[in-house]
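J.: Structure in structure tokens, see below.
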Amino acid sequence: MKADEKAGFSPNKHNCTDKYANETGLKVYGHGKPVRLFAAGLHGDEWRDTTEILMKIEPPEKGTLALIPLVKRGEYTSTLDPAYYQVMGLSILEAIEDLNPEIYIELHSYSRENLEKLAGRDRLERTGVPAYSVLKAGVLLGSVSPWIRRKYFPKEALCLSFEVQKGNSRSREFAASMLEVLKETESRDEFVEYLRKEFPEQARKAIEDYRRFYGEI
Ligand SMILES: [Zn+2]
């Protein structure tokens with residue numbers, strides 16, 4: 001399969017976003033360890049606020065950086081749905097199987113009115129996954145879907161999901177700055193240290209969620 005087909009583009013469909021067709025499939029920069037994989041535009045119209053952020057990232061100084069700027073647009077299936085990665089997100093699974101990343105980042109976007117749903121304390125009860133933490137400029141930090149975390153990554157991998165606020169340029173800029181840090185990060189522990197310094201409260205929650213997920217608390 002060609003990369004542009006993997007990203008959800010079919011040659012028969014032409015519309016205003018086709019200018020991206022050759023640029024949004026899997027792109028791999030650099031070589032060697034650590035291997036990082038960033039994915040954006042995972043479903044629905046989320047590509048509008050996230051795809052360009054990945055398209056602007058420059059190669060890392062060390063190691064490998066793999067990017068999927070647009071996984072799939074159009075329909076919306078939640079990544080908490082077990083079918084997501086088998087169907088819409090298949091290009092993510094293929095990249096994970098090929099590259100074995102130790103750092104995996106998803107970039108999502110959300111509407112301001114859904115903030116409470118994502119970051120409210122009752123999210124764990126409602127959905128079985130922990131609430132997101134608010135970082136800065138409306139950017140939220142959370143875990144990736146358990147469907148992909150447990151089956152495709154070793155325990156020591158760093159797997160995070162960021163939510164950018166739709167239509168908020170400061171939010172996009174801040175998310176881009178987090179990815180700049182992550183693209184040079186060498187390990188999970190190095191990033192956790194960074195987070196502890198810059199965002200102690202959110203770091204504490206991320207560590208607690210991680211331990212809960214692996215049954216350590
Ligand atoms: Zn999403």
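J.: Could you work out which residue, out of Gln202, Gln165, Gln86, moves most in a Gaussian network model of the chain, that is, has the largest mean-square fluctuation with Cα springs under 10 Å?
T.: Among Gln202, Gln165, Gln86, the largest mean-square fluctuation in the Gaussian network model of the chain belongs to Gln86.
J.: Determine the principal axes of the Cα atoms in the range 3-187, then give the extent along each, sorted from largest to smallest and rounded to whole angstroms.
T.: Principal extents (largest minus smallest coordinate, Cα): 40, 39, 33 Å.
J.: Okay, moving on. Accessible area of the chain with a 1.4 Å probe: how many percent of it is carbon plus sulfur? Could you put the intermediate results ahead of the total?
T.: Working: 5420 of 11070 Å².
Answer for the chain is 49 percent, counting heavy atoms of protein chains only.
J.: Between Tyr194 and Glu208, with labels modelled 7 Å along Cα→Cβ, what's the label distance in nm to one decimal, could you check?
T.: Taking the two extended label points, one gets 2.4 nm.
J.: Sticking with this structure for a sec: Using only Cα atoms and rounding to the nearest 10 degrees, what angle (0 to 90) does helix 188-198 make with the longest principal axis of the chain?
T.: Roughly 70 degrees between the two axes.
J.: A further question on this structure: Have a look at the DSSP beta bridges in the range 3-187 and tell me what percent are antiparallel, nearest 5.
T.: 35 percent
J.: Run a plain Debye calculation on the range 115-217 (Cα atoms as equal point scatterers, no solvent) and give log10 I(q)/I(0) at q = 0.15, 0.18, 0.21 Å⁻¹, rounded to two decimals, same order as the q list.
T.: -0.63, -0.93, -1.26
J.: Let me ask something additional. Post the alpha-carbon centroid distance, the range 145-217 to the range 53-91, in whole angstrom.
T.: Between the Cα centre of the range 145-217 and that of the range 53-91, the gap is 16 Å.
J.: Suppose we keep just the DSSP beta bridges with both residues in the range 95-217; what percent of those would be antiparallel, to 5?
T.: Values: 6 of 14 bridges.
In the range 95-217, DSSP labels about 45 percent of beta bridges as antiparallel.
J.: Right, something else. With everything on Cα atoms, drop me the angle between helix 90-99 and the longest principal axis of the chain, reported from 0 to 90° to the nearest 10.
T.: The helix 90-99 is inclined about 70 degrees to the chain.
J.: Which residue, Ile92, Ile57, Ile103, tops the fluctuation ranking in a GNM of the chain built on C-alpha contacts under 10 Å?
T.: Highest fluctuation of the listed residues: Ile57.
J.: What is the range 16-104 by shape, rounded, prolate or oblate, if you read a ≥ b ≥ c off the alpha carbon gyration tensor as root eigenvalues and call it rounded for a/c under 1.5, prolate for a/b larger than b/c, and oblate otherwise?
T.: On the way: a/c = 2.28, a/b = 1.31, b/c = 1.74.
It comes out oblate by the Cα gyration axes.
J.: When the solvent-accessible surface of protein heavy atoms is calculated with a 1.4 angstrom probe, in what order do Phe174, Phe213 fall, highest first? Mind showing how you got there, number by number?
T.: Working: Phe174 25, Phe213 55 Å².
Result of the area sort, largest leading: Phe213, Phe174.
J.: Under a 1.4 angstrom probe, counting protein chains only, how are Leu140, Leu124 ranked by accessible area, largest first?
T.: Of Leu140, Leu124, the descending order of accessible area is Leu124, Leu140.
J.: Once you charge only the Cβ atoms, +1 for Lys and Arg and -1 for Asp and Glu, what is the size of the charge dipole of the chain about its Cα centre, to the nearest 20 debye?
T.: Working: 33 positive and 35 negative charges, 55 e Å.
Charge dipole, the chain, about its Cα centre: 260 debye, nearest 20.
The values are calculated or read from the model by the stated rules, or taken from the named source; none is laboratory data. Please read all numbers here as calculations on a predicted model, not as lab measurements. Positions of Cβ are generated from backbone atoms using ideal geometry, with glycine treated the same way; all protein chains shown enter the neighbour counts. The accessibility values were calculated without ligands, DNA or RNA, using every heavy atom of the protein model including side chains. Shrake-Rupley method; radii C 1.70, N 1.55, O 1.52, S 1.80 Å.
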